[in-house]
Structure formats: structure tokens, C-alpha cells
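The values are calculated or read from the model by the stated rules, or taken from the named source; none is laboratory data. All values derive from a computational prediction rather than experimental measurement. Ideal geometry is used to build each Cβ from the backbone, glycine not excepted, and the neighbour counts take in all protein chains shown.
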Amino acid sequence: MDNQSKENIRLQNYITYLNYINDKLKKFFERQQDYIFCKEGCAKCCKNAHFPYSKIEVQYLIEGFCNLPFELKEKIKSNIKKTLLDKKQSNDKNFKYTCPFLINDKCSVYDYRGIICRTFGLMSINKKGPVKVPFCSYEGLNYSNVLDEKENKVSEEKYKQLGFKEEPLAFNVSYDFLTNPDFEKGFNFSFGDKKALIDWFMETNDSINL
Ligand code: SF4
Ligand code: SF4
């Protein structure tokens, strides 16, 4: 089998994995619907962040990019150039940015978006740390109806007052967990290197050209 065929199989296996976690995430969001205020046009989670992406995620994202109309592609390319320039000029190791694929507050590559993008808005927990409430909770959005801002956690009292059937829950949807090697083995693909989305477009040997 040639390298291109192997690459195609690898990508197909990644898509199977994506469908698997998508189903799980869909169920989590449905269970938590009383606490979720995501709606079209709200794109706060696509701004002012790092967006970790593995190589295979960015390859799939580019597949979505290639299917876009010419003008949109040009707009995204210009966003990428501007973000890279801003990053260079900022000298900030913790540089945060608006995702270049966000156009008019809408994801231009929604079906092809990465794993982190699919988890935005859920409360998460992993072995290493406490429950993480989504940042937008502090802006009156997800879980804000049960948030105890002083304690940085969900208020049981508020939940009881609201009387919802389903309690507010945190799920193991951290990026580290969802990209762990067990998934690579189980679905027969590899994530490859991981870095901030914008760094995949820097002028280095392993950069991605659009
Ligand atoms: S890929 Fe789409 S969902 Fe993900 S950060 Fe960018 S605009 Fe948002
Ligand atoms: S996760 Fe929060 S910021 Fe993102 S779309 Fe949902 S409500 Fe808006």
C-alpha cells in the first residue's frame, strides 16, 4: 500500500473516532440542556484562547477549508497572516487570539472542527484537577444559573431551587483525556504532534500550507 492510501485510511479512522466522541458529547449536552445557553452567533469560546490541535485534527480542518468558496478561503488566509504577525509582535509566550476560521462569529469549518471545539461549554473534570466550570459561566452563559461565583463552583442550593430533574454534571472531556493513546490504539490512527492551532501555520518545516 502506498503512503497516500495509508494516510487516507488513517484519516478515515480518525473520522470514525470523531463520530464516536461526537455521539458521547451530544448526549452530555442533551443531559445538561437546562444549563447550556449556546446559540448561533455566540462565539466567545472561539476568541482569546490557544486552541490546542494535533496534526490529524489540523489535517481534517484543512479538508474543510478546501471545500469553502474562494472568498472565504482568502478571508481565512488573511486572518491567519494577521494572527501570525500579531503573535510575532506581541512577544507574549501566552499569546491568545481569535480563531482565524471564525468568520462573522460563525465557524466556517464547523463539521471539520477540532476536538477542543466540540467540548466548549461543558463542565469538565479530569484526574489531575478539580471541576472546571466553562469561562462563559462568569459571563451569564453556560451553568451561570447554578454558579456560585465566590466559590468557583456549582451551587447545590441554586440547583435545588431551580428544581431541574438532571443535576449539573462535569464530564471527563479534557483535551488530554480525549486525545490519549488508548483512542489511537482503539481506532488505529495517531494524533501526531500537538500545538496551538495558529502555530501549525508558522513558517517551519512541519507547517501546513494553505
Ligand atoms: S475551528 Fe471553529 S469552533 Fe473551533 S475555535 Fe475555530 S471557529 Fe471556533
Ligand atoms: S460555550 Fe459559551 S461562549 Fe461558547 S457558544 Fe456556548 S455559551 Fe457561547
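Figure legend. Inter-residue proximity from region 143-165: first residues exposed (fewer than 12 other Cβ atoms within 10 Å of the Cβ), second residues among the hydroxyl-bearing types (Ser, Thr, Tyr), beta-carbon distance below 7 Å, spacing 6+ or different chains. Indicated pairs: Glu149/Tyr138.
The residues in region 124-143 that are more than 9 Å from ligand 2 (Cβ to nearest atom) and in contact with a helix residue (DSSP H, G or I) (Cβ under 7 Å, 6 or more places away or on another chain) can be counted, and the count is 2. Can you confirm whether Tyr17 is modelled with pLDDT of 95 or more, hydroxyl-bearing (Ser, Thr, Tyr), away from ligand 1 (no atom under 16 Å from the Cβ) and more than 20 Å from Phe177 (Cβ to Cβ)? Answer is no for this residue.
Counting only residues that are among the polar types (S, T, N, Q), within 14 Å of ligand 1 (Cβ to nearest atom) and surrounded by fewer than 20 Cβ atoms within 10 Å (Cβ to Cβ), how many does region 102-142 have? Even if it seems obvious, please write down each step before you answer.
Of all residues in region 102-142, those among the polar types (S, T, N, Q) come to 104, 108, 119, 124, 126, 137, 142.
If we keep only those that are within 14 Å of ligand 1 (Cβ to nearest atom) as well, we get 104, 108, 119.
This time we only want the ones that are surrounded by fewer than 20 Cβ atoms within 10 Å (Cβ to Cβ), so: 104.
Counting residues in region 102-142 that are among the polar types (S, T, N, Q), within 14 Å of ligand 1 (Cβ to nearest atom) and surrounded by fewer than 20 Cβ atoms within 10 Å (Cβ to Cβ) gives 1.
When you scan region 144-188, how many residues do you find that are out of contact with any Gly (no Cβ under 9 Å at 6 or more places or on another chain) and part of a loop (DSSP other than H, G, I, E, B)? Residues that pass the stated criteria total 17.
For region 97-123, the set of residues classified as more than 12 Å from ligand 2 (Cβ to nearest atom) and either modelled with pLDDT under 95 or of a type in the set (S, T, N, Q) (or both) consists of Thr98, Asn104, Ser108, listed by residue number. Scanning region 68-76 finds no residues that are within 16 Å of ligand 2 (Cβ to nearest atom), in contact with a Ser or Thr (Cβ under 7 Å, 6 or more places away or on another chain) and not in a loop (DSSP other than H, G, I, E, B). Scanning region 20-50 for residues that are in contact with a Gly (Cβ under 7 Å, 6 or more places away or on another chain) and within 14 Å of ligand 1 (Cβ to nearest atom) gives Cys38, Cys45. Taking region 97-143 as the range and being among the small types (Gly, Ala, Ser) and not in a helix (DSSP H, G or I) as the test, the residues that pass are Ser108, Gly114, Gly121, Ser124, Gly129, Gly140. All of (1) assigned to a helix (DSSP H, G or I); (2) surrounded by fewer than 16 Cβ atoms within 10 Å (Cβ to Cβ) hold for Glu40 with one exception: (1). Which of the following residues is at negative phi, assigned to a loop (DSSP other than H, G, I, E, B) and within 20 Å of the chain's Cα centre (by Cα): Asn79, Asn94? Just one listed residue meets the conditions, Asn94. Can you say whether Lys77 is more than 15 Å from Tyr175 (Cβ to Cβ), loosely packed, with under 15 Cβ neighbours inside 10 Å, near ligand 1 (Cβ under 9 Å from one of its atoms) and not aromatic (Phe, Trp, Tyr), as far as the supplied structure shows? The answer is no for Lys77. Being more than 22 Å from Lys132 (Cα to Cα), in contact with a His (Cβ under 9 Å, 6 or more places away or on another chain) and of a type outside the set (S, T, N, Q) is a description that does not apply to Ile208.
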